[in-house]
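The values are calculated or read from the model by the stated rules, or taken from the named source; none is laboratory data. Everything numeric in this text was worked out from a predicted model, so none of it was measured. Cβ sites come from the backbone with ideal geometry, for glycine too, and all protein chains shown count toward neighbours. Surface accessibility is based on the protein's heavy atoms, side chains included, excluding ligands, DNA and RNA. Shrake-Rupley method; radii C 1.70, N 1.55, O 1.52, S 1.80 Å.
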Amino acid sequence: MTAADLEPAPRQSPWVVRHLAHLLAGAFLTVAILSALLARWLVPYDPLMTDVLSNLLPPGTSFDGQPAYVLGTDMLGRDVLSGIIYGSRISLIVGFATVVGAGVVGTAIGIISGYHKGWLDEVLMRLVDIQLAFPFILLAILMMYVLGQGLFNVILVLIITTWPIYARVARAEALRLSTSEYVTAARALGAGTPRILLRHILPNAMTPLIVVAAFSVPQMIIYEAALSFLGVGLPSSELSWGTMLATGRDYLTQAWWIATFPGIAIVCTILSINVLSEALRQNLDPNLRNQ
Amino acid sequence: MLRYLSVRIFSSAIVIFGVVSIIFVLARLVGDPVLLMVEPGTTQQDMAEMRTALGLDRPILEQYASFVVGAFHGDFGDSVRQSTPAFDLVMDRLPATLLLTASALGFAVVGALILGILSALYRGSIIDRLANALALFGQSIPNFWLAMMLILFLSSTMRLLPSAGYGTVQHLIMPTLALGLFSLARLTRLVRSELLETLSQDYVRTARAKGVGPVAIVVRHALGNVAIPMITLIAVDFGALMGGAVVTETVFAWPGVGRLMIQAIGQRDFPVIQAGAFVIATLVVVTSLITDLAYALVNPKIRYA
């Protein structure tokens, strides 16, 4: 018991106030996911429809008989708001698909490595070291360059570049659990390796992996945007928040809104996921619950 | 200690070797690296000549061996566009990249110490809340978008700083902010939580009971405990910082390795891309080796292991 524990507990503010950030984050993410799912019906304009006559219109411009260009148009006359709504689909797909993919691959490799130990562990962990020494974005740029642009390749490359994170955490858990009494007991009762890994080690290794995965989703969204921004992610003809930022960059001084609004969408999404992940982490880790 | 040292140096060498192998495999994965280097529409004969010139008609293991030997001599072949050795082009740009990363790291460390100490000392105060908010935002803003917003506000609108280029301190400010904010955010949270933990230790309470003031407690008793986790986090994040530099340089037309590589991608100049990737990865590995050794020196548990 430390001195801090003996101090009187600070007066608690109401639940809503304490969880305001979580509520806002949850609300924003709900809106983002819904707009990604319902994009086709929500957009005021076809996001890919070019209309040179109405290009570079500032936010709020409206013509008679047409919906307003709430967030303006880009240099090809495409509606920025419609682009952001459609682009959310790419960001969310990339974010969740890569985390699930890399999480499954990395966890499988890590658990086998940590349980098997010996030479297999040495080889796999050296591989993890090598990959982690390579800055993600650099490895991803190289691979995208070799494989070519496209959504599938972005997801594939992000899975290949990020599985080691999960492998390392899963291995540490498997190492710890493999010497625990209940695993020894299971082995003594004649359980085979697959059964021990899947029924006894995996469920107990999940907590830290879930936290790592939750914090990885925003990272993956940023990586997709960065790759597309650099011109190796999605082709510029496709709509993602990253490609919108890339087009907006060339018109930054003339038309600030093209790059500004997709960026705000990215920041709000990432902020929301980070806030909720932090809450998740604190809830799953009893040591942090009172901090 | 000697054993730890040799093991650590040996494994770093293996990692660099592995990085070279990854670059080789990536280059050959598509089957024909010549396709990565030529403009669309090059004739079959030109491509065949290029293949022979690059030694691509030799057996794959022989190519691999000569690639590895070449890489460790800094030989990645000539740049396809500039007909100078690709490695030399990269090394010319390296100082600019190092300047930017060092500056960003310095900004992050100093900023994090100030914010972290203040928010730990005045826990729950307005300063603490602001520092927390900054830490949360800093980890949620992509550096390339922050870079563009800085250009928009500080350069285009307020005309305070040059939007791009290299050479003066003014040129360094915005790239430093854009690249360093993420590390600043991560380090601030670390400094705060480590300090809070240290400040609740018995020996700090004893020091307080003896009448030591808050500043002296932090400086003389607590900061030493923060140093080691800070060094560890910096080492872990250094790769991300170098990767971030690639993107930041592109936005600010900063003449570093990252911008060179992105330009090389646009020009399909594969030797330059390979050399750049090799140099940056090696730098990350060497940095992590140095921090590990420094860590071993200050930590007796490892020193005597």
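Kindly evaluate B:Phe153 against the criterion of being of a type in the set (Phe, Trp, Tyr) and closer than 30 Å to B:Gly224 by Cα. If you could, list the steps in order and put the result at the bottom.
On the way: of a type in the set (Phe, Trp, Tyr): yes; closer than 30 Å to B:Gly224 by Cα: no.
No; evaluated as a whole, the condition is false for this residue.
Filter the range B:107-165 down to the residues that are at the interface with chain A (Cβ under 9 Å from one of its Cβ atoms), in contact with a Phe, Trp or Tyr (Cβ under 7 Å, 6 or more places away or on another chain) and assigned to a loop (DSSP other than H, G, I, E, B) and list them by number.
Residue satisfying the conditions is B:Gln139 alone.
Which residue, of B:Thr52, B:Thr42, is assigned to a loop (DSSP other than H, G, I, E, B) and at pLDDT below 85?
On the way: B:Thr52 fails: assigned to a loop (DSSP other than H, G, I, E, B).
None of the others qualify; the one that does is B:Thr42.
So A:Asn204 clears everything in (1) among the polar types (S, T, N, Q); (2) without any contact (Cβ under 8 Å) to a residue 40 or more places away in the chain; (3) closer than 23 Å to A:Leu158 by Cα except one condition, right? Which one?
(3)
Looking only at the range B:21-39, count every residue that is at pLDDT 80 or above and either more than 35 Å from the chain's Cα centre (by Cα) or surrounded by fewer than 16 Cβ atoms within 10 Å (Cβ to Cβ) (or both) and tell me the total.
2
Could you grab me the full set of residues in the range A:263-274 that are at the interface with chain B (Cβ under 7 Å from one of its Cβ atoms) and β-branched (Val, Ile, Thr)?
If we filter the range A:263-274 for residues that are at the interface with chain B (Cβ under 7 Å from one of its Cβ atoms), which is where we start, we get A:263, A:266-267, A:270-271, A:274.
The answer is A:Ile266, A:Val267, A:Ile270.
What number of residues in the range B:47-97 are free of Cβ contacts under 8 Å to residues at least 40 places away in the same chain and aliphatic (A, V, I, L, M)?
10
Closer than 24 Å to B:Pro271 by Cβ, open to solvent by less than 50 Å² (accessible area, probe 1.4 Å) and out of contact with any strand residue (DSSP E or B) (no Cβ under 6 Å at 6 or more places or on another chain): which single residue out of B:Gly106, B:Gly77, B:Gly124 fits that description? Full working, then the answer.
On the way: B:Gly106 fails: closer than 24 Å to B:Pro271 by Cβ; B:Gly124 fails: closer than 24 Å to B:Pro271 by Cβ.
So the residue among B:Gly106, B:Gly77, B:Gly124 that is closer than 24 Å to B:Pro271 by Cβ, open to solvent by less than 50 Å² (accessible area, probe 1.4 Å) and out of contact with any strand residue (DSSP E or B) (no Cβ under 6 Å at 6 or more places or on another chain) is B:Gly77.
Please go through the range B:240-277 and give me each residue that is in a helix (DSSP H, G or I), more than 10 Å from chain A (Cβ to nearest Cβ) and among the aromatic types (Phe, Trp, Tyr), ordered by number.
Within the range B:240-277, B:Phe252 is the sole residue that qualifies.
Which of the residues belonging to the range A:251-269 are crowded, with 17+ Cβ neighbours inside 10 Å and closer than 19 Å to A:Tyr69 by Cα?
A:Leu252, A:Ala255, A:Trp256, A:Trp257, A:Ile258, A:Ala259, A:Thr260, A:Phe261, A:Pro262, A:Gly263, A:Ala265
Can you tell me which residues in the range A:217-237 are farther than 14 Å from A:Asn153 by Cα and not in a helix (DSSP H, G or I)?
A:Ser236, A:Ser237
Among (1) in contact (Cβ under 8 Å) with a residue 40 or more places away in the chain; (2) open to solvent by 40 Å² or more (accessible area, probe 1.4 Å); (3) more than 27 Å from A:Ala167 (Cβ to Cβ); (4) among the polar types (S, T, N, Q), where does A:Ser272 come up short?
The number of the failed condition is (2).
Across the range A:109-142, what is the number of residues that are β-branched (Val, Ile, Thr), more than 14 Å from chain B (Cβ to nearest Cβ) and surrounded by 23 or more Cβ atoms within 10 Å (Cβ to Cβ)?
Let us first name the residues in the range A:109-142 that are β-branched (Val, Ile, Thr), namely A:109, A:111-112, A:123, A:128, A:130, A:137, A:141.
Within this subset, residues satisfying the condition of being more than 14 Å from chain B (Cβ to nearest Cβ) are A:109, A:111-112.
Okay, now just the ones that are also surrounded by 23 or more Cβ atoms within 10 Å (Cβ to Cβ), so A:111.
Total satisfying the criteria: 1.
Select from the range B:177-195 the residues that are within 12 Å of chain A (Cβ to nearest Cβ) and open to solvent by 40 Å² or more (accessible area, probe 1.4 Å) and list them in ascending order.
Correct list: B:Phe182, B:Arg186, B:Arg189, B:Arg192, B:Ser193.
Being hydroxyl-bearing (Ser, Thr, Tyr) and either farther than 16 Å from A:Ile90 by Cα or facing another protein chain (nearest Cβ under 9 Å) (or both) is the filter here; which residues of the range A:224-261 pass it? Reasoning before the result, please.
Start the filter on the range A:224-261 by keeping residues that are hydroxyl-bearing (Ser, Thr, Tyr), which leaves A:228, A:236-237, A:240, A:243, A:247, A:251, A:253, A:260.
Listed by number, the residues that qualify are A:Thr247, A:Tyr251, A:Thr253, A:Thr260.
Of a type in the set (D, E, K, R), touching a residue at least 12 places away in the same chain (Cβ under 8 Å) and surrounded by fewer than 20 Cβ atoms within 10 Å (Cβ to Cβ) - does that describe any residue in the range A:178-188? Talk me through it step by step, then tell me what you get.
Pass one, the range A:178-188, residues of a type in the set (D, E, K, R): A:181, A:187.
With the extra rule that they be touching a residue at least 12 places away in the same chain (Cβ under 8 Å), the set shrinks to none.
No - not one qualifying residue is present in the range A:178-188.
Regarding the range A:75-84, can at least one residue be identified that is closer than 30 Å to B:Ala13 by Cα and part of a loop (DSSP other than H, G, I, E, B)?
From the range A:75-84, those closer than 30 Å to B:Ala13 by Cα are none; that's our starting set.
No, that holds for no residue.
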